[in-house]
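See structure below.
The values are calculated or read from the model by the stated rules, or taken from the named source; none is laboratory data. As the structure is a computational prediction, the values presented were derived from the model and not from experiment. Neighbour counts are summed over all protein chains in view; Cβ atoms, including those assigned to glycine, are modelled from backbone coordinates with ideal geometry. In case anyone asks, the SASA skips ligands and DNA or RNA and just uses the protein heavy atoms, side chains included. Shrake-Rupley method; radii C 1.70, N 1.55, O 1.52, S 1.80 Å.
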Amino acid sequence: ICTSDADWLTLATAENDGNDAEADIHDGVITIGATPNRSELPRSALVTVSRENGKLVREITVTQLAMEHAAMPEIHTANGNTTFSDYVAQVWITCVTPGVTIYYTTDGSEPSADNGIKLETFDYADGVAGVVNIYNSMTIKAIAVRYNLLDSDVTSVRLVRDATLAEA
């Protein structure tokens, strides 16, 4: 049985007095998910059951699993430039990892699931995408987050509004 609360994971196996049939004794690998606040990585518990001198012996070994990162989001304007002249620029934020949630900031702070604006995204063939409209020069930072993956690295792009480009 695996239970979880905000901070702890608990692994428990059914009590067995050693008199039950062998079919009732289980062994193998149990994967335990991350805690809801993502403070711990998933772990694997190897449960080995055997009998010694007629008594049930249960050994539990818990190890941390290696995890993959979500892909780093990409930030770009429709024309691919980092300078824009129009009143508003549409900035696309995309990620090739399916099912991620993208958070972004425009105030220079580092985005995370706890800090930033959740991007309204849609799924497409290669992952997820969303659009942010910007009106002034700014730096946009973005991160991709998904359960059972480590957060992506933060990507950052400085976009500059230059009204003189419209005059040319």
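The table for this structure:
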read-out	value
Other-chain or far-sequence residues with amide H under 5 Å of THR83's (modelled H)	VAL160
Table column - 3J(HN,Hα) (Hz), the stretch 103-117, Karplus curve with 6.51, -1.76, 1.60, x for Gly and Pro	10, 9, 10, 10, 9, x, 7, 7, x, 7, 5, 9, 9, x, 9
Cα gyration tensor category, rounded, prolate or oblate, for the stretch 61-168 with a/c compared to 1.5	prolate
For the stretch 65-111: rounded, prolate or oblate by the Cα gyration tensor [a/c cutoff 1.5]	prolate
The stretch 77-85 - phi-based ³J(HN,Hα) in whole Hz, Karplus 6.51/-1.76/1.60, Gly and Pro as x	8, 4, 8, x, 8, 9, 10, 9, 10
Amide H within-cut-off set for LEU150, under 5 Å, with H built and near neighbours excluded	GLU68, HIS69, ALA70
Inter-probe distance in nm under a simple model that places probes 7 Å from Cα toward Cβ, at TRP92 and ASP126	0.8 nm
Per-pair calculated FRET efficiency, R0 = 45 Å: THR101 and ASN81 via Cβ, rounded to 0.05	0.95
For the stretch 61-146, accessible area per residue (1.4 Å probe, heavy atoms of protein chains only), Å²	55 Å²
Estimated FRET transfer efficiency when R0 is 30 angstrom, pair THR164-GLU74 (beta carbons, to 0.05)	0.60
